[in-house]
1. Looking only at segment 103-120, which residues are surrounded by fewer than 16 Cβ atoms within 10 Å (Cβ to Cβ) and either touching a Cys at 6+ places or on another chain (Cβ under 7 Å) or not in a loop (DSSP other than H, G, I, E, B) (or both)?
2. List, please: which pairs have Cβ atoms under 9 Å, are six or more places apart or on different chains, and start with a residue in segment 30-43 that is free of Cβ contacts under 8 Å to residues at least 24 places away in the same chain and end with one that is buried (at least 17 other Cβ atoms within 10 Å of the Cβ)?
3. Given the criteria closer than 17 Å to L134 by Cβ and in contact with a Phe, Trp or Tyr (Cβ under 6 Å, 6 or more places away or on another chain), does G106 qualify?
4. Filter segment 54-71 down to residues that are small (G, A, S) and farther than 13 Å from L123 by Cα and give me whichever is nearest to the chain's Cα centre (by Cα).
5. Quick test for you: out of R100, R80, pick the one residue that is charged (D, E, K, R) and either in a helix (DSSP H, G or I) or surrounded by 16 or more Cβ atoms within 10 Å (Cβ to Cβ) (or both).
6. Which pairs do you get when a residue that is part of a strand (DSSP E or B), found in segment 139-159, comes within reach of a residue that is at pLDDT 70 or above and of a type in the set (F, W, Y), reach meaning Cβ atoms under 7 angstrom, with the pair 6+ apart or on two chains?
7. In segment 173-209, how many are at pLDDT 95 or above, outside any loop (DSSP other than H, G, I, E, B) and either among the aliphatic types (A, V, I, L, M) or closer than 14 Å to R131 by Cβ (or both)?
8. May I ask you to list the residues in segment 117-170 that are modelled with pLDDT of 90 or more, within 16 Å of L30 (Cα to Cα) and aliphatic (A, V, I, L, M)?
Amino acid sequence: MMRFLAGLVASVVLVAAIAAGLVLAADPLLTVRTGTRPSDVIVVLGGDGPRRAGKAVMLYREGVAPHILVTGDGDCLSIRDAMVERGVPQAAITVECKSRDTRENGLFSAPLLARMQARRVVLVTSWFHTRRALAAFNAASPRIALMAAPVEPHPEPLERLREVDATRAALEYVKIGWYAVRFGILPFPRVERDTVLDPSVDEATVIHPGGPS
């Protein structure tokens, strides 16, 4: 019995150590940061609504884009309402409240972005989610140039382990693998060369504005 308990404790410690390592490595591995320049639409993905709404409001106030699209069935209306409370005109916000995951965010946003005649879009989502989100929107709207404005992690790596984001960041590796196997959505999103600020972005993921998709 004692041997079993010792083995169980060792397994739990090992799993926790692996999870912590994945979280600490998540920023350079999972985050894609681009600069932002005048765009057509800011797309806010549902989940972690208050922080993503705040980021979108900041971008709107800076004049990054005149329109905002909120996508996701969980908190699309609360994100919209939070932005309106902070001064964004409701007429500038479109909501898509049927998508249940990142892939559907991209698929269900595609016709709305086409209707808006969007050619350049900025995605707002959590830092660890940017790579998969960009890849999903690449697949759904290959002719649209994409940029990412992530909600940033805590600047202190050890503090990230205490955040709610930590578990979600660790699970993101699994989700990326699932998207690659199940849907053929590979974690190498295409972004514009002249907006890339993060040297960790792989050269193969970068395209010229208006280049082939």
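The values are calculated or read from the model by the stated rules, or taken from the named source; none is laboratory data. Nothing here was measured: the structure is a model prediction, and the numbers come from that model. As a convention, Cβ positions derive from the backbone with ideal geometry for all residues, glycine included, and neighbour counts pool all protein chains shown.
1. Those that are surrounded by fewer than 16 Cβ atoms within 10 Å (Cβ to Cβ) and either touching a Cys at 6+ places or on another chain (Cβ under 7 Å) or not in a loop (DSSP other than H, G, I, E, B) (or both): P111, A114, R115.
2. none
3. It is true that G106 is closer than 17 Å to L134 by Cβ and in contact with a Phe, Trp or Tyr (Cβ under 6 Å, 6 or more places away or on another chain).
4. Here the answer is G54.
5. R80
6. Hits for this filter: L146/F137; V151/W127.
7. Number satisfying all stated conditions: 7.
8. Listed by number, the residues that qualify are L123, V124, A133, L134, A135, A136, M147, A148, A149, V151.
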